[in-house]
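Engineer: Pasting in a structure now, in structure tokens, and then I'll have a few things to ask.
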Amino acid sequence: MKGYVFLLFSISFEVLGTSMLKLSDGFTNLVPSVVLLVSFAISFILMGFVLKTIPLSIAYSVWAGLGTVATGLIGVFVYGEVLSTLNSIGLIVIVLGVIVMNVEKREERLT
């Protein structure tokens, strides 16, 4: 369970860092650039702890999938971007993929 808590924090810092990419304006704005670099560093450090208890395939699929979905939603709600129907379907497919990866691996552990 502790691994999943670290994973959620790792995802949160990754999403924060990715969100700062837009504000950094090509690393020309100092504060967003520093927040970006520090956030990515924390995210990767936390992933190191995550991988002590959660298999790489699960940890990375959840990290990448939920990070992508969260970043997409931040784009919509914070930066006023518009998602097309196809983009929205893509985000739903990513979430379903993360669910399937977790269900399948749980079934393997039970057998």
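All of the numbers you see were taken from the coordinates with simple rules; none came from a lab. Please read all numbers here as calculations on a predicted model, not as lab measurements. Positions of Cβ are backbone-derived with ideal geometry, glycine not excepted, and every protein chain shown enters the neighbour counts.
Engineer: Could you give me the ³J(HN,Hα) list for segment 8-16, computed from phi with Karplus coefficients 6.51, -1.76, 1.60 and θ = phi - 60°, whole Hz, x at Gly and Pro?
Structural biologist: Each residue's phi maps through the Karplus curve to give 4, 5, 4, 4, 4, 5, 5, 5, 4 Hz.
Engineer: On a full-extension model of 0.36 nm per residue, what is the gain between residue 41 and residue 56, subtracting their alpha-carbon distance, rounded to one decimal in nm?
Structural biologist: Computed gain between residue 41 and residue 56 is 3.6 nm.
Engineer: Let me ask you something else. Enter the Cα centre distance for the pair segment 17-60 and segment 79-94, rounded to the nearest angstrom.
Structural biologist: Result: 22 Å between the Cα centres.
Engineer: HN-Hα J couplings of segment 72-89 from phi, Karplus 6.51/-1.76/1.60, θ = phi - 60°, integer Hz, Gly and Pro as x?
Structural biologist: Using θ = phi - 60°, the values come out as x, 5, 5, x, 6, 7, 9, 9, x, 6, 10, 9, 6, 4, 5, 4, 5, 4 Hz.
Engineer: I need the calculated FRET efficiency for the pair residue 8 and residue 84, taking r as the beta carbon distance and R₀ as 22 Å, to the nearest 0.05.
Structural biologist: About 0.15, to the nearest 0.05.
Engineer: Let me ask another. What is the sum of charges, Lys and Arg at +1 and Asp and Glu at -1, for the other residues whose Cβ falls under 15 Å from the Cβ of residue 22?
Structural biologist: Neighbourhood net charge equals -3.
Engineer: Can you check what the net charge comes to around residue 75, using other residues whose Cβ is under 10 Å from the Cβ of residue 75 (Lys, Arg +1; Asp, Glu -1)? All intermediate terms of the calculation are to be shown ahead of the outcome.
Structural biologist: Values: positive: 22; negative: 81.
Here the count lands on 0.
Engineer: If you don't mind, another one. For the chain, what number results from the quotient of the Cα radius of gyration and 2.2 N^0.38 Å?
Structural biologist: Scaled against compact globular proteins, the figure is 1.17.
Engineer: Place a +1 charge on the Cβ of each Lys and Arg in the chain and a -1 charge on the Cβ of each Asp and Glu, then give the dipole magnitude about the Cα centre in debye, rounded to the nearest 20.
Structural biologist: 300 debye
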